Amino acid sequence: MDIKTKLLEGCEKQLAETINNLKSEMEEGQKAANEYGLPKDRYDSFRTQLLRKRDMFAKQLAKANEQLDILIQIDTTKKYSKVEFGAVIVTNKQNLFISIGLGKIPVDNNDFYAISPAVPIYKVMEGKREGEEFAFNNVAFKIEKIY
């Protein structure tokens, strides 16, 4: 199995855990609101607070599902020659997977950072090719390999 497939599986696994946790939190919020019952009077904000918490988790769940949809679009068989969405970038400082912002994903005893195309470091290195250099936060990076 190649590195990109392993990274994609790692991202999907991490996102699946997040989705499961959010679903559990939503269910707990709804259960707590149901157990509390109807508002005791029009100034009773406790039930409303419980339902707001449930709605907050629902929004986070929708965002996680959107991220999963984005991950599904990545073609693991495509060969990349420049920095773009779906590429795995190995630099002299760190390894990056241009996908969604999930943070550190360990693969084969190496740490890769899943980043979104919306982050500033991506904007600096977008379109660069193997062997090219770029600077971010006064740190020089050299692109060693692109998968």
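The values are calculated or read from the model by the stated rules, or taken from the named source; none is laboratory data. Keep in mind it's a predicted model, so treat the numbers as computed, not measured. Cβ atoms come from the backbone with ideal geometry, glycine included; neighbour counts cover every protein chain shown. Note: areas computed on protein heavy atoms with side chains; ligands, DNA, RNA excluded. Shrake-Rupley method; radii C 1.70, N 1.55, O 1.52, S 1.80 Å.
Points to keep in mind about this one:
- Computed over the chain, the ratio Rg/Rh where both radii use C-alpha atoms and Rh is Kirkwood: 1.17
- Close amide H partners of Ile105, meaning residues 5 or more places away or on another chain with modelled amide H under 5 Å apart, are Phe112, Tyr113, Ala114.
- With the largest listed first and rounded to whole Å, the semi-axes of the equivalent ellipsoid of region 1-82 from the Cα gyration tensor are 41, 11, 6.
- The simple spin-label model puts a point 7 Å past each Cα toward its Cβ; for Ser45 and Phe85 those points are separated by 4.1 nm.
- Positive-pole candidate from Asn110, Tyr122, Val90, dipole of the chain, charges at beta carbon: Tyr122
- Between Glu28 and Lys123, the FRET efficiency from the beta-carbon distance, with R0 = 35 Å, is close to 0.35.
- Size of electric dipole in region 26-66: Cβ of Lys, Arg +1 and of Asp, Glu -1, about Cα centre, debye, nearest 20: 120
- Per-residue ellipticity at 222 nm computed for the chain from its helices equals -16000 deg cm²/dmol, with DSSP H segments shorter than 4 residues left out and the rest contributing -39,500 (n - 2.57).
- Helix axis angle, 3-36 relative to the chain longest principal axis, alpha carbon, degrees: 10
- Here's the list of lysines a cross-link from Lys23 could span, going by alpha-carbon distance under 24 Å and ignoring same-chain residues fewer than 8 apart: Lys13, Lys31, Lys53, Lys59, Lys63, Lys104.
- Gain on full stretching of the segment that runs from Phe134 to Asn109 - 0.36 nm per residue minus C-alpha separation: 6.4 nm
- The mean accessible area for residues of the chain, using a 1.4 Å probe and ignoring ligands and nucleic acids, is 62 Å² per residue.
- Its Cα centre serving as origin, the chain has a Cβ charge dipole (Lys and Arg +1, Asp and Glu -1) of approximately 280 debye.
- Computed accessible area, Lys31, all protein chains, 1.4 angstrom probe, square angstrom: 110
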